[in-house]
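Trainee: My structure is below; once you've seen it, I'll send some questions.
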Amino acid sequence: MAWPPLREELRGIAPYGAPQLDVPVQLNVNENPYGPSEECAADIARAVAEAATTLNRYPDREFTALRTALAAYLSRDTPHGVGPEQVWAANGSNEVMLQLLQAFGGPGRVALSFAPTYSMYPEYARDTVTEWVVGHRESDFALDLDHARRLVEERRPSVVLLPSPNNPTGTALPPEAVGILCRAAGDGLVVVDEAYGEFRRAGVPSALELLPAYRNLVVTRTMSKAFALAGARLGYLAAAPEVCDAIRVVRLPYHLSAVTQATALAALRHAPELLGRVDDLRAERDRTVAWLRQTGLTVADSDANFALFGTFADRHAVWQGLLDRGVLIRETGPDGWLRVSIGTAAEMQAFQEALTQVMDRQTEDGQ
Ligand code: PMP
């Protein structure tokens, strides 16, 4: 056996991760450019200091206070409300998703999504020895519903993964599409990944509204984006209580530290302030999309805090040209496209100036 005795299918695979480079303008991992306010940071520090006095004890395994606060927060997005027994949380929605596949995927089972889709999903499938099946989207990145329903009926996935808004395209799913796939999936779970849900445009509903209609629907969220809390690692879901109970079987004991619980609870107390910044970012997103279109580029409609734009004959050259000018974006999505996260107005100005220079340069070079 080769050393170290890694699983055969993991040999030679590079660990996932966008480059973490120290450049002035970082627009590559869809972070919130605004840190928590001083009051919010102070409240978090107080809560953590209090938690520190009892760190000799394991944390509340059921994170009851946090589940209650998350349920109250989610209840704003659905007329039916969400109860604490419908909420589950873990260290980032990445961990939530992995737990979903640990509980509901596995050997002999299928996880399904539609490309382009979030690049971590195939890794969760691989790590849980779940077969990974991927369908396609339309050229404007909307779901091809006939194709999607047929694939669900043919492959009978135990988990369908639907990011909405989608990463990397920014495309939100209409509730009718979610309903059709929930019905097609039978007893399989349909996971609507709303990591960027708070950034959706006015009038775009959350899949949370559909929870009472479909017991196989799971809606995931994260505090990494809208709550500017990527460093704290807190993701969560809303689903039928039976789904939450099933995940308890696979979660590690005490997986959410007392420090994490205290941090998330304090941040939730500052929801109105943090979500105020979301409105600024949505406006900045719409301005960025309009500007990119004015320059003649194609931009996918975005309900998220990023925009996918293109197309470039040599996208790597554009990405590198921006990096040379101190602006880091993401080389991801279908060939020829690039993704920019929405930063502050000043950061977007820097991005626009750098991109203009890079494109002028390419025109001069006859590219
Ligand atoms: N889902 C999607 C679609 C994402 O883009 C991300 C983060 N990039 C995540 C889930 C995971 O985020 P986190 O683990 O920080 O909650």
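Trainee: Just checking, does the range 241-257 include any residue being at pLDDT 95 or above, of a type in the set (Ser, Thr, Tyr), under 17 Å from Asp60 (Cβ atoms) and within 15 Å of the ligand (Cβ to nearest atom)?
Mentor: no
Trainee: On to the next question. Please return the ranges of strands (runs of 3 or more DSSP E) entirely within the range 188-242 where 1 or more residues are open to solvent by less than 10 Å² (accessible area, probe 1.4 Å) and small (Gly, Ala, Ser).
Mentor: 235-238
Trainee: Next up: Could you tell me how many of the residues in the range 64-119 are more than 16 Å from the ligand (Cβ to nearest atom) and either of a type in the set (Gly, Ala, Ser) or in contact with a His (Cβ under 8 Å, 6 or more places away or on another chain) (or both)?
Mentor: Just the residues of the range 64-119 that are more than 16 Å from the ligand (Cβ to nearest atom), to begin with: 64-65, 67-69, 71-72, 75-86, 103-110.
Then drop every residue that is not either of a type in the set (Gly, Ala, Ser) or in contact with a His (Cβ under 8 Å, 6 or more places away or on another chain) (or both), which leaves 65, 69, 71-72, 75, 81, 83, 103, 105-106, 108.
Of the residues in that region, 11 qualify.
Trainee: Return the residues of the range 120-131 that are within 14 Å of the ligand (Cβ to nearest atom) and hydroxyl-bearing (Ser, Thr, Tyr); say none if nothing qualifies.
Mentor: If the condition is that a residue be within 14 Å of the ligand (Cβ to nearest atom) and hydroxyl-bearing (Ser, Thr, Tyr), then Tyr121, Tyr124 are the ones that fit.
Trainee: Assess whether Leu308 counts as being surrounded by 14 or more Cβ atoms within 10 Å (Cβ to Cβ) and under 19 Å from the mean Cα position of the chain (by Cα). I'd like the intermediate steps shown before the answer.
Mentor: Values: surrounded by 14 or more Cβ atoms within 10 Å (Cβ to Cβ): yes; under 19 Å from the mean Cα position of the chain (by Cα): yes.
Yes: the conditions hold for Leu308.
Trainee: Further question on the same structure: Would you pick out the residues in the range 11-46 that are part of a helix (DSSP H, G or I) and either β-branched (Val, Ile, Thr) or surrounded by 10 or more Cβ atoms within 10 Å (Cβ to Cβ) (or both)?
Mentor: Passing the criteria: Glu39, Cys40, Ala41, Ala42, Asp43, Ile44, Ala45, Arg46.
Trainee: In this structure, is Pro175 assigned by TED's automatic domain parsing to the domain that holds Gln102, within 12 Å of the ligand (Cβ to nearest atom), within 27 Å of Gly276 (Cβ to Cβ) and not hydroxyl-bearing (Ser, Thr, Tyr)?
Mentor: No: the conditions fail for Pro175.
Trainee: For the structure I just gave you, tell me whether Val178 is in a strand (DSSP E or B) and either surrounded by 22 or more Cβ atoms within 10 Å (Cβ to Cβ) or more than 22 Å from the chain's Cα centre (by Cα) (or both).
Mentor: Details: in a strand (DSSP E or B): no; either surrounded by 22 or more Cβ atoms within 10 Å (Cβ to Cβ) or more than 22 Å from the chain's Cα centre (by Cα) (or both): yes.
For Val178, the condition - in a strand (DSSP E or B) and either surrounded by 22 or more Cβ atoms within 10 Å (Cβ to Cβ) or more than 22 Å from the chain's Cα centre (by Cα) (or both) - is not met.
Trainee: Further, regarding this structure: Quick one: would you say Ala350 is under 30 Å from Ala69 (Cβ atoms) and not aromatic (Phe, Trp, Tyr)?
Mentor: Spelling it out, it is not the case that Ala350 is under 30 Å from Ala69 (Cβ atoms) and not aromatic (Phe, Trp, Tyr).
Trainee: With the requirement that a residue be among the aliphatic types (A, V, I, L, M), closer than 25 Å to Glu138 by Cβ and open to solvent by less than 30 Å² (accessible area, probe 1.4 Å), what does the range 280-305 give you?
Mentor: From the range 280-305, those among the aliphatic types (A, V, I, L, M) are 281, 283, 289-290, 292, 297, 299-300, 304; that's our starting set.
Filter again for closer than 25 Å to Glu138 by Cβ, leaving 289-290, 292, 297, 299-300, 304.
If the condition is that a residue be among the aliphatic types (A, V, I, L, M), closer than 25 Å to Glu138 by Cβ and open to solvent by less than 30 Å² (accessible area, probe 1.4 Å), then Val289, Leu292, Leu297, Val299, Ala300, Ala304 are the ones that fit.
Trainee: Please state which of the following conditions Glu273 fails to meet, knowing it meets all the rest: (1) open to solvent by 20 Å² or more (accessible area, probe 1.4 Å); (2) within 16 Å of the ligand (Cβ to nearest atom).
Mentor: (2)
The values are calculated or read from the model by the stated rules, or taken from the named source; none is laboratory data. As the structure is a computational prediction, the values presented were derived from the model and not from experiment. With ideal geometry, Cβ positions are generated from the backbone for all residues, glycine too; neighbour counts draw on all protein chains shown. We work out accessible area using only protein heavy atoms, side chains counted, and drop any ligands, DNA or RNA first. Shrake-Rupley method; radii C 1.70, N 1.55, O 1.52, S 1.80 Å.
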